[in-house]
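The values are calculated or read from the model by the stated rules, or taken from the named source; none is laboratory data. Computed from a predicted structure; not experimentally measured. No Cβ is skipped: glycine too gets one built from the backbone with ideal geometry, and neighbour counts run over all protein chains shown.
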């Protein structure tokens, strides 16, 4: 299994969802040809002039893959190392995220999956329905082009 061929991993991506439009997530993104896995690290929400921050942790240890892990990124790196195939990577990511439909999106089941670029920023938007979507922005022009090419868009 090879990075940039079978999967992509970005340690810092911004994500927003329709379920919490006033909240911005700093996430790590693992994507295969079939799935987008959003691993939340920190969320920022606003209420008027006040901002609230919440740190997130990976809580579900799957088959000891996360033993001794202190950060989300260390956990993802362990998951990638422990995976011998794309299917195993998808299974471990899904188990660690607890099967949460908030952070796991199946590309084939999506009503739409579009990647757009403007002024060097790439935004991917995946929708289950008109009112159920998530968007993410890989940092940097090179990562955006790589993401778009990986998903053939």
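Restricting attention to region 63-89, report how many residues are modelled with pLDDT of 90 or more and over 13 Å from residue 9 (Cβ atoms).
Total satisfying the criteria: 4.
Out of the residues in region 1-28 meeting the condition of being touching a strand residue (DSSP E or B) at 6+ places or on another chain (Cβ under 9 Å), at pLDDT below 90 and closer than 17 Å to residue 83 by Cα, tell me which one is surrounded by the fewest Cβ atoms within 10 Å (Cβ to Cβ).
3
Go through the residues of region 94-108 one by one and say whether even a single one is in contact with a helix residue (DSSP H, G or I) (Cβ under 9 Å, 6 or more places away or on another chain) and either closer than 24 Å to residue 145 by Cβ or modelled with pLDDT under 80 (or both).
There is no residue in region 94-108 that is in contact with a helix residue (DSSP H, G or I) (Cβ under 9 Å, 6 or more places away or on another chain) and either closer than 24 Å to residue 145 by Cβ or modelled with pLDDT under 80 (or both).
If I ask for residues that are in contact (Cβ under 8 Å) with a residue 40 or more places away in the chain and either closer than 16 Å to residue 97 by Cβ or over 15 Å from the mean Cα position of the chain (by Cα) (or both), which ones from region 19-33 would you list?
19, 27, 28, 29, 30, 31, 32
With region 29-144 as the region, which strands (runs of 3 or more DSSP E) entirely inside it contain at least 3 residues that are crowded, with 17+ Cβ neighbours inside 10 Å?
35-47, 121-129, 132-138
Name the single residue that is farthest from residue 142 (Cα to Cα) among those in region 110-127 being out of contact with any strand residue (DSSP E or B) (no Cβ under 7 Å at 6 or more places or on another chain) and in contact (Cβ under 8 Å) with a residue 12 or more places away in the chain.
117
Restrict the check to region 137-144 and report whether at least one residue is within 21 Å of residue 19 (Cα to Cα) and touching a residue at least 12 places away in the same chain (Cβ under 8 Å).
yes
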